[in-house]
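Structure, as structure tokens:
Read the figures in this text as sums done on the coordinates, not as results from a lab. Remember, it's a predicted structure, so these values are computed and weren't measured experimentally. Cβ placement follows ideal geometry from the backbone for every residue including glycine, while neighbour counts extend to all protein chains displayed.
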Amino acid sequence: MTDRIAIEKKVLSENDRLAGEIRVQLQARRIVALNLVSSPGSGKTSLLEKTIGALSGSVRMALIAGDVQTENDANRLKRAGGKLVRPIVTGGACHLDAKMITRALGELDIENIDLLFVENVGNLVCPASYDLGEDMKVVLISTTEGDDKPLKYPSMFRRSSAMVINKIDLMGFSDFDLMQVRRNALMINGNLNIFETSCRTGAGLDSWYDWLRRLIAAKRA
Amino acid sequence: MHELSIASSIVETVTAEMLSRGLTSIGKVGLRIGALTNVDPEALRFGYETMVVDTPLAGSTLEIESLPVKAICRKCGLSFEAHDFIFICPNCESGDNEVTQGQELEIAFLEAD
């Protein structure tokens, strides 16, 4: 008879502990923190470039851009006018974790910011498991992907609070069905806020900006 | 392939538990894994077994209990299993619900050798 010792511990308890510390730190400064997730190439960096351009006059923003290799995304965000930008090069890891965010935040002056974006590594699987201390996850999908993606990656769509359907200017060049993707996503998560955008034409971006402004106002209230 | 990172977190936790309990070897690590965690048990086993070679955990195996996803409807209060991750209440068809099971990624027990 072997002895069974009850442990009852979360595997990612150390990550969750650090994420909790980040959340307290951001909450104390009333910073809205969004964790942007998607497949590679859906347009996370483009959406952030546009958002920096549109909001930098009125919203103080910090951005953390994660990539497996290169600092290309962080450099794009700086060129777009981002003043507080930190790259995280994971060197192979398929997701960001709370320890990386703690380190990046230590290198950013976040005393007077309203909004923090974390651009996660392009991957719809692994980043779902790692809490980064964000207020919410925002998942992007583009019209050049399959409209069944929410069904294929349910965990990510379930854990996200908003879904941005990007590249709507390319509708018609693929079989992507806007109604179908909405239906699929809402079956997984009935409370998703859904935006339809094109970072190339600017279509739909105003409602995305309005939503961000409302989040910031709610945090300050 | 975050199973490797997860395997590494398991090794860290189990090593600490062994130290604090004065165990020198271990036979089995019992895990509880919810279906919403995207963790592939086979990849996790492979990562774990590769990682523990030449450590005090060498030779130990993972016993994985997989938990299906369950939710409770906020509208009518029904508890239901979300088959294929479809979170629509089978009673009132509302999509407003809360996950009650399926997000677990826990070490449940250790079995000494």
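Return the tail of the calculated pair distribution for segment A:123-221, meaning the percent of Cα-Cα pairs more than 21 Å apart.
For segment A:123-221, the share of Cα pairs beyond 21 Å comes to 35 percent.
Starting from 0 in steps of 5 Å, tell me what percent of the Cα-Cα pairs of segment B:3-112 lands in each bin.
2, 12, 20, 18, 12, 10, 9, 8, 5, 3, 1
Reported to two decimal places, what Rg/Rh ratio describes segment B:49-113 when computed on Cα atoms with Rh from the Kirkwood expression?
Checking Rg against Rh, the ratio lands at 1.26.
Between B:CYS76 and B:ARG21, what is the spin-label point distance in nm, taking each point 7 Å from the Cα along the Cα→C-beta axis?
Each label point is offset 7 Å from its Cα along the Cβ direction, giving 4.4 nm.
Could you give log10 I(q)/I(0) at q = 0.10 Å⁻¹ for segment A:60-202, computed by the Debye formula over C-alpha point scatterers of equal weight, without solvent?
So the normalised log intensities work out to -0.37.
Given H placed 1.01 Å from N in the peptide plane, which residues other than close sequence neighbours of A:ILE88 have an amide H under 5 Å from its amide H?
A:ALA65, A:GLY66, A:ASP67
May I ask you to derive the FRET efficiency for A:GLN69 and B:SER94 from their Cβ-Cβ distance with R0 = 51 Å, giving the value to the nearest 0.05?
Using R0 = 51 Å, I get an efficiency of 0.70.
Per-residue HN-Hα couplings for segment B:70-83, Karplus 6.51 cos²θ - 1.76 cosθ + 1.60 at θ = phi - 60°, whole Hz, x for Gly and Pro?
My calculation for segment B:70-83 gives 10, 9, 10, 6, 6, 8, 10, x, 6, 8, 9, 8, 8, 4 Hz in order.
Sorted from fewest to most neighbouring beta carbons within 10 Å, what does the list A:TYR209, B:TYR48 look like?
Lowest count first: A:TYR209, B:TYR48.
Quick one: Kirkwood hydrodynamic radius for segment B:21-63, alpha-carbon pairs, angstrom, one decimal?
Final number for the Kirkwood radius of segment B:21-63 is 11.4 Å.
Taking θ = phi - 60°, what integer Hz values does the Karplus form 6.51 cos²θ - 1.76 cosθ + 1.60 yield along segment A:34-39, in sequence order, with x for Gly and Pro?
Running phi through 6.51 cos²θ - 1.76 cosθ + 1.60 with θ = phi - 60° gives 10, 9, 8, 10, 5, 5 Hz.
Check the straight Cα-Cα distances from B:LYS70 and name the lysines below 25 Å, setting aside those fewer than 8 residues away within the same chain.
Within the straight-line limit of under 25 Å, B:LYS70 reaches these lysines: A:LYS9, A:LYS10, A:LYS137, A:LYS149, A:LYS152.
I want to check the label-to-label distance for B:SER66 and A:MET171. Put each point 7 Å from Cα in the C-beta direction and report it in nm to one decimal.
3.8 nm
Taking amide H positions as placed 1.01 Å from N in the peptide plane, with prolines and chain starts having none, which residues 5 or more places from A:PHE195, or on another chain, fall under 5 Å of its amide H?
HN-HN under 5 Å from A:PHE195: A:MET163, A:VAL164, A:ILE165.
Once you have the alpha carbon radius of gyration of the protein assembly as shown, what is it after dividing by 2.2 N^0.38 Å, with N set to its residue count?
Cα Rg divided by the expected 2.2 N^0.38 Å: 1.06.
What are the ³J(HN,Hα) couplings of segment A:79-92, residue after residue, when phi is run through the Karplus curve with 6.51, -1.76, 1.60 and θ = phi - 60°? Round to Hz, x for glycine and proline.
4, 6, x, x, 8, 10, 10, 10, x, 10, 9, 7, x, x
State, to one decimal in nm, how far the label point of A:ALA28 lies from the label point of A:ASP210, with both points 7 Å from Cα in the Cβ direction.
3.6 nm
Given Cβ point charges of +1 (Lys, Arg) and -1 (Asp, Glu) and nothing else, what value in debye, to the nearest 20, does the dipole of segment B:3-112 about its Cα centre take?
260 debye
Percent antiparallel among DSSP beta bridges with both residues in chain B, to the nearest 5?
65 percent
Once amide H atoms are placed 1.01 Å from N in the peptide plane, what residues at a sequence separation of 5 or more from A:SER142, or on another chain, have their amide H within under 5 Å of its amide H?
Close amide H contacts, sequence-distant or interchain: A:ASN166.
Test of understanding: extend the Cα→C-beta vector of A:ASP109 to 7 Å, then name every residue of segment A:70-89 with backbone N under 11 Å from that spot.
Zone members listed by number: A:84.
Expressed as cubic angstrom per residue, what is the convex hull volume of the alpha carbon set of segment A:1-114?
Value for segment A:1-114: 132 Å³ per residue.
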